[in-house]
Each structure stands twice: as structure tokens, then as C-alpha cells.
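S.K.: Input: one structure, supplied below.
Readers should treat all values here as calculations from the given coordinates under stated rules, not as data from a laboratory. From a predicted model like this one, the values you see are computed outputs, not experimental measurements. Please note: Cβ atoms are built from the backbone with ideal geometry, for glycine as well, and neighbour counts cover all protein chains shown.
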Amino acid sequence: MTDPLLRDISELRPPHLADALAEITSQLTGGPDSATVLRLVTDAGTGMLGAAATGVMMVDPRGGVGVVAASDQPARFVELLQTQTQQGPCLDCIATGAIVTAQDLEFERTRWPEFVPSAVAMGYRAVAAVPLRLDGQVMGGLNLLYGEPTSWPVWHLRLAQVVSDLAVLGLVQEHGDRRADRLAERTMTVLNDLVHLDHAVGMVAGTLDLDPTAARTAITAYAQRLQRPLRDVARAVTQGDLDPADLTADRPV
């Protein structure tokens with residue numbers, strides 16, 4: 001029997017689930033770049049899967065695990081916290097290759113003593129971490145963060161795994177024995193792109209006197225408006241080819 005204090009999210013089942021999945025797959029079949037794939041995944045986490053926030057972590061070919069996407073800055077902080085403390089649901093998910101859930105983080109302080117207090121302080125009370133798998137290898141994990149104690153029906157966790165599997169297929173977009181190697185290479189590319197994006201955010205924030213969140217939003221909106229890859233816009237800013245002021249102009253120049 002479900003604990004009455006737990007939020008049962010079964011009522012969040014989308015009325016047009018097939019349409020929601022079709023929208024994701026239609027965009028993936030167009031050969032999108034990694035940033036677009038990861039945005040689709042985080043959007044699905046906060047939309048179709050009903051999470052308050054989402055994050056994606058990938059195994060770094062250089063060793064360890066890196067944060068490659070997050071729906072917002074608090075979620076990014078929680079993901080980074082796991083890499084710094086070397087504990088948390090997503091790391092356990094990657095280590096075991098299985099879905100890891102915590103219905104109420106308040107009861108998980110022994111399990112993850114360094115991770116839980118900070119995650120709760122950020123407003124998160126429940127987590128479901130879903131593996132990203134390719135050819136029998138665990139390549140990363142999708143973290144679904146909820147703002148209140150939560151229980152998940154079986155169909156919901158299966159749907160989360162479907163979204164994770166689609167993400168991997170979108171990141172790989174090829175066949176053959178070197179698929180895992182290609183994904184590792186793309187992970188390196190994503191991590192490098194994030195370095196450029198963070199640098200660009202700092203430059204835009206400093207130049208336009210914006211907070212980092214607003215600066216990141218300006219860069220993202222500009223890339224979407226011109227239908228340019230986010231990494232290209234970020235590099236244009238950091239290399240001096242794009243004036244930060246143009247990001248917020250009514251009509252890009």
C-alpha cells in the first residue's frame with residue numbers, strides 16, 4: 001500500500017502519451033546536435049515525466065562522471081554535488097546499471113550522508129535516477145528530481161527508461177561496433193562545449209550586467225532564434241566573433 005504522505009504521480013500520465021513520444025522521436029530523427037538531444041531529454045523530464053527538475057550525467061572517457069545537462073541551475077548544482085561527493089542516486093544508477101529511487105530523501109541520510117542535506121536544502125525531496133545504456137554498457141544517467149516525497153508507478157519508471165534509451169540513440173545516431181566509442185567521443189565534445197558555454201555566460205553577464213541565469217537564457221534564445229547550434233554561438237562569443245549586445249537586440253546583426 002502506498003504511503004499516504006507520498007505524492008502518487010500516476011495521475012500525471014499524459015492523455016496523449018503517443019503524441020508526446022512522437023514529438024521527441026521526430027526531432028531525434030533529424031540528426032540533431034548533442035545540445036538539442038540533451039535539451040529534449042531535460043524537457044521530457046520536467047514535462048512528460050512530471051519532475052521539478054532534471055539532470056544528465058555521462059561517463060567521462062578521461063575517468064569519472066561529468067554533468068552534461070540540467071534543466072536549471074539548482075539541478076545543475078545537485079548534479080555537480082554528486083560528482084564532488086562521489087555519492088548520490090545517479091552515481092549508484094551508473095554503477096549498478098539499474099534504476100535507483102528515493103521516495104523521500106529525508107530517510108536517505110545514511111545512504112548518502114553528504115548528498116542528501118544539500119539536495120533537501122535546495123528543495124528536492126525525491127529522486128529517480130535512470131541509466132543511459134548502450135550495447136550493454138552504462139554510459140550515464142538521467143536524474144529526475146521532485147519537490148515533494150513521491151512514489152512512482154511501474155509504467156512511469158518504464159517510460160523514464162524509454163526516454164533515456166531515446167536519448168542515447170539520439171546521441172549516437174549510427175550503427176556498428178564503435179558506437180560506444182563514438183558516444184564517448186561525443187561526451188568529450190559535450191563537456192568541452194560546456195566549458196565554452198560557461199565562459200560565454202560569464203562574458204555576457206559581465207558585459208551586459210546580467211546574472212548568470214539571464215545571460216545563459218540570452219545565449220540559448222539567440223541560438224534558437226537563428227537555429228544555430230548552441231556550441232557555435234558560445235564559441236562565437238568567447239572568440240570575439242559575436243558581440244554580447246547582439247544577443248538581446250530585437251533583430252540579430
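S.K.: Could the peptides 131-139, 220-228 be put in order, highest first, of the mean number of other beta-carbon atoms found within 10 Å of their residues?
M.R.: The peptides rank, most packed first, as 131-139, 220-228.
S.K.: A follow-up question, please. May I ask you to evaluate 6.51 cos²θ - 1.76 cosθ + 1.60, the Karplus curve with θ = phi - 60°, for each residue of region 111-116 and list the ³J(HN,Hα) values in order in whole Hz, giving x for glycine and proline?
M.R.: 5, 9, x, 8, 6, 4
S.K.: In nm, to one decimal, how far is the Asp72 label point from the Ala245 one, both placed 7 Å along Cα→Cβ?
M.R.: Once both label points are built, they end up 3.2 nm from each other.
S.K.: Sequence-distant or interchain residues sharing an amide H contact under 5 Å with Arg133, placed H: which?
M.R.: Correct list: Met139.
S.K.: For Ala22 paired with Gln227, estimate the spin-label separation in nm (one decimal), with each label point 7 Å from Cα along the Cα-to-Cβ line.
M.R.: 2.2 nm
S.K.: Would you pull out the residues with amide H under 5 Å of Ala53's amide H, same chain only if 5 or more places away, H placed 1.01 Å from N?
M.R.: Counting only residues 5 or more places away or on other chains, the set is Leu145.
S.K.: Another one. On full extension of the chain, what length is gained from Thr110 through Asp43, given 0.36 nm per residue of separation minus the C-alpha to C-alpha distance?
M.R.: Separation in residues times 0.36 nm, less the Cα-Cα distance, equals 21.0 nm.
S.K.: Can you order the peptides 67-74, 157-164, 202-209 by their average number of other Cβ atoms within 10 Å per residue, highest first?
M.R.: 67-74, 157-164, 202-209
S.K.: For Asp135 and Val162, what does the FRET efficiency come to when R0 = 22 Å and r is the distance between their Cβ atoms, rounded to the nearest 0.05?
M.R.: My answer for the efficiency is 0.80.
S.K.: Give me the orientation-averaged projected area of the Cα convex hull of region 78-167, in nm², one decimal.
M.R.: 5.5 nm²
S.K.: How many percent of the alpha carbon pairs in region 58-107 exceed a separation of 14 Å?
M.R.: Result: 56 percent of Cα pairs exceed 14 Å.
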